[in-house]
1. Using the Karplus curve 6.51 cos²θ - 1.76 cosθ + 1.60 with θ = phi - 60°, what ³J(HN,Hα) values do you get for each residue of segment 162-169, in whole Hz, with x for Gly and Pro?
2. Scale the Cα Rg of segment 224-269 by the rule-of-thumb value 2.2 N^0.38 Å and send over the ratio, two decimals.
3. Let me test this: with uniform point scatterers at the alpha carbons of segment 150-191, what is the Debye-based log₁₀ I(q)/I(0) at q = 0.15, 0.18, 0.23, 0.31 1/Å?
4. Counting only protein chains, not ligands or nucleic acids, how are Asp199, Asp325, Asp305 ordered by accessible area (probe 1.4 Å), most first?
5. Once you have a ≥ b ≥ c as the square roots of the Cα gyration tensor eigenvalues for segment 221-335, tell me rounded if a/c is under 1.5, and otherwise prolate or oblate according to whether a/b is larger than b/c.
6. What part of the accessible area of segment 89-158, given as a whole %, is carbon or sulfur when the probe is 1.4 angstrom?
7. When you count, for each residue, the other Cβ atoms within 10 Å and take the mean per peptide, how do 333-341, 162-170 rank with the highest first?
8. Give the Rg/Rh ratio for segment 109-183, taking Rg as the radius of gyration of the Cα atoms and Rh as the Kirkwood radius, to two decimals.
Amino acid sequence: VSAAWGGAPVAAAARSGVGAAQRARGGAVAARAAVRMMAERSSGKGSAQFTGTYHSSDAFETAVSPFEASSLHAPPNKSEYAGRSLEDALAIVDEYSAKLPNRQHDPTVALLRGMLYLKHDEPQLAESEFAHAVENGMLHIPEPFEYQAWCNFLLGKLDRVSELLESASEVRSEVVGNPLHLYKWWKDTFEEALPRAEDEEDAKPWSFRRAVMLYAIGEYKLAREALVLESIVREEQTNSEFALWDLACVARTTGKLKVASERLKPKELECAPDGLCELLELFRETNEERAEQLRESLHRELDADERGDHAFAAAQRFYLALYYDAYVGEEGDAGGKNKKMWLNEALKLGLEIPLAAAARAMLA
């Protein structure tokens with residue numbers, strides 16, 4: 001199951017140096033009131049079953065003390081940030097944090113601030129806040145690790161992305177099969193307060209973003225697993241873009257001839273967003289002569305394009321570049337000539353954030 005979240009767990013020692021020490025200190029306070037109530041509710045009785053008692057490894061109690069103050073004072077609902085500027089949204093968090101005794105070191109406050117910075121396209125500031133959340137005790141919650149990875153991806157720091165995603169996967173694997181894990185209580189307590197950028201209207205879901213990230217760092221198998229997971233859990237959100245990434249991952253991992261055997265879902269075959277039909281046909285074509293004809297046709301079409309819809313024109317060019325990256329490769333593309341040309345054109349036209357970050361990574 002852990003593979004579906006993006007890879008095998010890494011050892012706890014691979015995390016930041018504060019991890020093991022904070023985890024050990026937290027064990028002494030895991031039975032505090034708020035969490036004891038959750039444990040009793042989970043077990044259906046008042047016995048001393050503590051959140052963080054692990055079924056799959058040595059039992060220990062997770063560090064819960066960093067969340068006690070923020071759980072006793074209801075955080076702002078995420079709806080309160082709607083339509084507000086970054087400055088006004090941060091003021092809401094500041095008003096909430098003023099109620100907390102140790103607000104400068106509260107991981108929930110840091111996470112909320114990081115999410116708001118990310119929502120307003122400030123990945124550098126967001127990354128710093130997510131790092132503070134981890135440093136201040138958010139070691140058994142995957143969100144700060146995942147969002148740190150996303151920030152580093154947006155900033156072009158690809159060497160950090162894999163490490164952070166592995167840390168997130170470690171936490172996710174702790175949760176599997178453990179109904180008393182701290183994360184379940186934390187989600188119940190704070191989920192409605194989290195202003196997730198991926199929850200915005202028309203935003204790409206997290207698993208799609210994760211897949212784009214993983215592809216960009218060369219983790220093609222894990223990228224595909226992220227797409228498959230999303231198509232199972234939220235099939236209604238999938239579209240032809242999922243199919244293009246899925247087929248690119250297949251071409252990268254098992255060879256382009258294998259794409260012919262891939263059965264796509266009806267939603268993936270709808271050519272939505274509108275106009276992706278010819279690209280989808282190209283990605284599914286295994287006959288080289290026919291593929292060459294389709295490539296030439298797309299080249300002519302895009303060269304003659306008046307680019308009335310810049311957003312879609314950029315996406316078309318990006319996905320043609322993705323085809324060259326996954327199916328043709330540097331050697332067959334004269335050193336990546338066509339890939340680089342189409343990626344640069346796509347960036348000039350203005351790609352949406354996930355694709356723009358992927359384009360920059362593919363050009364690096």
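1. 4, 4, 5, 5, 5, 4, 5, 5
2. On the way: Rg = 10.1 Å, N = 46, 2.2 N^0.38 = 9.4 Å.
Here the answer is 1.07, to two decimals.
3. Cα-only, vacuum Debye calculation for segment 150-191: -0.50, -0.64, -0.78, -0.95.
4. On the way: Asp199 90, Asp325 20, Asp305 50 Å².
From most exposed to least exposed: Asp199, Asp305, Asp325.
5. Taking the square roots of the gyration eigenvalues as a ≥ b ≥ c, segment 221-335 is oblate.
6. 45 percent
7. 162-170, 333-341
8. Using Cα coordinates only, the ratio equals 0.99.
The values are calculated or read from the model by the stated rules, or taken from the named source; none is laboratory data. Every value quoted in this text rests on a predicted model; they were computed, and no experiment measured them. Note that we place each Cβ from the backbone using ideal geometry, even for glycine, and neighbour counts take in every protein chain shown. With ligands, DNA and RNA removed, areas are computed over all heavy atoms of the protein, side chains included. Shrake-Rupley method; radii C 1.70, N 1.55, O 1.52, S 1.80 Å.
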